[in-house]
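> Below is one structure. I have some questions about it.
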Amino acid sequence: MSELIYKKIEWNNGVVTERDMTADEKAEVDARETAWANASASRKLTEIKNVRKQKLEATDYMANSDVTMPDYIKTWRQTLRDLPQNNTTESQYDTLLERNADGSLKNSVWTQPTS
């Protein structure tokens, strides 16, 4: 593994300068990078919740009093609502967020059933 090179780029009166970071600056960068890496699962869960919200909103009209929601849609919507408590690890989040070559979500849980 290669050693990290800590350089700070500064903009001073229209001139860009580069200098080695101080130990405190390095520690701050390391702390931010560690915090970012540690929040990976949280960011993925947030993305799952956003996708879930979009999928639920797309079928909300079926919950109107003048529309009868089919049981298969009710079941699917409940499955979507249960995603956070049924998937609690980062590897499960990765599976839910896996994408096809065209960028669409791969996991079948995201596909609205037709019957």
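> Restricting attention to the range 26-51, and to residues there that are of a type in the set (D, E, K, R) and either closer than 24 Å to E90 by Cα or touching a strand residue (DSSP E or B) at 6+ places or on another chain (Cβ under 6 Å) (or both), which single residue is surrounded by the most Cβ atoms within 10 Å (Cβ to Cβ)? Explain how you work it out, then say what you get.
Start the filter on the range 26-51 by keeping residues that are of a type in the set (D, E, K, R), which leaves 26, 28, 30, 32-33, 43-44, 47, 49.
From what's left, either closer than 24 Å to E90 by Cα or touching a strand residue (DSSP E or B) at 6+ places or on another chain (Cβ under 6 Å) (or both): 30, 32-33, 43-44, 47, 49.
Numbers: D30: 12, R32: 10, E33: 11, R43: 11, K44: 17, E47: 13, K49: 13.
Here the residue is K44.
> Just for the range 94-115: of the residues that are open to solvent by 60 Å² or more (accessible area, probe 1.4 Å) and outside any loop (DSSP other than H, G, I, E, B), which one is nearest to Y61 (Cα to Cα)?
S108
> Let me ask something else. How many residues does the range 1-36 contain that are within 30 Å of the chain's Cα centre (by Cα) and not in a strand (DSSP E or B)?
18
> Oh, and also: For a quick check of your reading of the model, give me the residue pairs whose first member lies in the range 79-93 and is without any contact (Cβ under 8 Å) to a residue 60 or more places away in the chain and part of a helix (DSSP H, G or I), whose second is among the basic types (K, R) and open to solvent by less than 60 Å² (accessible area, probe 1.4 Å), with beta-carbon atoms closer than 6 Å and at least 6 apart or on different chains.
L80/R52; L83/R52; Y93/K44
> State which residue pairs qualify: first residue modelled with pLDDT of 95 or more and inside the range 97-110, second residue in a loop (DSSP other than H, G, I, E, B) and of a type in the set (K, R) in any location, beta carbons under 9 Å apart, and separation of 6 or more residues or different chains.
L97/K106; E98/K106; R99/K106; N100/K106
> Please specify each residue of the range 54-87 satisfying the condition of being touching a helix residue (DSSP H, G or I) at 6+ places or on another chain (Cβ under 7 Å) and hydroxyl-bearing (S, T, Y).
Step one: of the range 54-87, the residues touching a helix residue (DSSP H, G or I) at 6+ places or on another chain (Cβ under 7 Å) are 55-56, 59, 62, 67, 69, 73, 77, 79-80, 83-84, 87.
Selection gives T59, T79.
> Which residue is least open to solvent (accessible area, probe 1.4 Å), if the candidates are limited to the range 52-77 and must be of a type in the set (V, I, T) and farther than 14 Å from Q112 by Cβ?
Step one: list which residues in the range 52-77 are of a type in the set (V, I, T), which gives 59, 67-68, 73, 75.
Retained after the next criterion (residues that are farther than 14 Å from Q112 by Cβ): 67-68.
Details: V67: 54, T68: 124 Å².
Checking each candidate, the answer is V67.
The values are calculated or read from the model by the stated rules, or taken from the named source; none is laboratory data. None of the values given here were measured: they were computed from a predicted structure. All Cβ positions, glycine included, derive from the backbone under ideal geometry; neighbour counts span all protein chains shown. The area values use the complete protein model at the heavy-atom level, side chains included, leaving out ligands, DNA and RNA. Shrake-Rupley method; radii C 1.70, N 1.55, O 1.52, S 1.80 Å.
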